[in-house]
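The values are calculated or read from the model by the stated rules, or taken from the named source; none is laboratory data. Treat the numbers as computed from the prediction; the structure is a model and nothing was measured. Using ideal geometry, Cβ is built from the backbone for each residue, glycine included, and neighbour counts are taken over all protein chains shown.
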Amino acid sequence: MFNIVLVEPQIPPNTGTIGRLCVNLGATLHLVKPLGFDIDDKAVKRAGLDYWDKLDLVVWESFSDFLEAHPVDEHMHLATTKTDNLYFNATFQKGDFLLFGSETKGIDERVLLENPKRCITIPMGGTGRSLNLGISVGIVTYEALRQNYEGFEKITIANSLKEK
């Protein structure tokens, strides 16, 4: 469905929660090293519950390796607080890459500056700086799903009937 990319994530429960979201949406989770935790960390698996073994997971050694394999183009969306382009004005397609930076640094500013039209943000009030990574991924990914929902429900129903 979609490709969720976490660039240098630092907090294990965020990654576990996002992994669980990916399993439920049929999305691939890409983790870009260095990670702030061991991928086998109990906190990651606890947040992902029994979904972790069902996760379509790709681990990249570096952000440059990821970008070499998947250059920024019209199928790449860079989530950042450093733009005025609202996520709900973006056009998402199945297979798109939704990139989220680390909880402490975000996405490399050089990449953002080179690709301003690919940057998206979630509107927030003036009091806070940012949202939790897991919440941000959920907000943007479910907008992408809303735009591409046709056929999703049928697949979900068919899969749940097969399991019974």
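In summary, TRP52 fulfils each of the numbered conditions (1) surrounded by 15 or more Cβ atoms within 10 Å (Cβ to Cβ); (2) in a helix (DSSP H, G or I); (3) touching a strand residue (DSSP E or B) at 6+ places or on another chain (Cβ under 9 Å) with the single exception of condition (3). Of all the numbered requirements in (1) modelled with pLDDT of 95 or more; (2) within 14 Å of the chain's Cα centre (by Cα); (3) farther than 16 Å from PRO9 by Cα, SER136 misses one, and that requirement is (3).
Selection of region 128-145 for residues being free of Cβ contacts under 8 Å to residues at least 24 places away in the same chain and over 17 Å from THR83 (Cα atoms) yields ILE135, TYR142. Yes or no: PHE66 among the aromatic types (Phe, Trp, Tyr) and under 13 Å from the mean Cα position of the chain (by Cα)? Spelling it out, it is not the case that PHE66 is among the aromatic types (Phe, Trp, Tyr) and under 13 Å from the mean Cα position of the chain (by Cα).
Results for (1) in contact with a Gly (Cβ under 9 Å, 6 or more places away or on another chain); (2) under 15 Å from ASN3 (Cα atoms), shown as yes or no for each residue.
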{"residue": "VAL72", "(1), (2)": "no, yes"}
{"residue": "LYS82", "(1), (2)": "yes, no"}
{"residue": "LEU86", "(1), (2)": "no, no"}
{"residue": "ASN89", "(1), (2)": "no, no"}
{"residue": "PRO116", "(1), (2)": "no, no"}
{"residue": "ILE122", "(1), (2)": "no, no"}
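Evaluated against (1) of a type in the set (D, E, K, R); (2) surrounded by 14 or more Cβ atoms within 10 Å (Cβ to Cβ); (3) modelled with pLDDT of 95 or more, GLU103 falls short on exactly one condition, (3). Of the residues making up region 68-93, just one is surrounded by 15 or more Cβ atoms within 10 Å (Cβ to Cβ) and at pLDDT below 95, namely THR81. Taking the options LEU35, LEU29, name whichever one is at pLDDT 80 or above and under 14 Å from the mean Cα position of the chain (by Cα). On inspection, the qualifying residue turns out to be LEU29. When region 82-136 is examined, which residues are found to be under 22 Å from ILE18 (Cα atoms), in a loop (DSSP other than H, G, I, E, B) and among the basic types (Lys, Arg)? Correct list: LYS94, LYS105, ARG129.
One line per residue, one yes/no per condition, for (1) over 17 Å from HIS77 (Cα atoms); (2) of a type in the set (Val, Ile, Thr):
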site: PHE2; (1), (2): no, no
site: GLN10; (1), (2): yes, no
site: THR15; (1), (2): yes, yes
site: ARG20; (1), (2): yes, no
site: LEU25; (1), (2): yes, no
site: THR28; (1), (2): no, yes
site: LEU31; (1), (2): no, no
site: LEU35; (1), (2): yes, no
site: ASP40; (1), (2): yes, no
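Listed by first and then second residue, the pairs with beta-carbon distance under 8 Å, at least 6 apart or on different chains, first residue in region 107-118 and within 21 Å of LEU35 (Cβ to Cβ) and without any contact (Cβ under 8 Å) to a residue 12 or more places away in the chain, second part of a loop (DSSP other than H, G, I, E, B) and of a type in the set (S, T, N, Q), form an empty list. In this structure, LEU57 qualifies as aliphatic (A, V, I, L, M), more than 25 Å from GLU150 (Cβ to Cβ), without any contact (Cβ under 8 Å) to a residue 40 or more places away in the chain and part of a strand (DSSP E or B).
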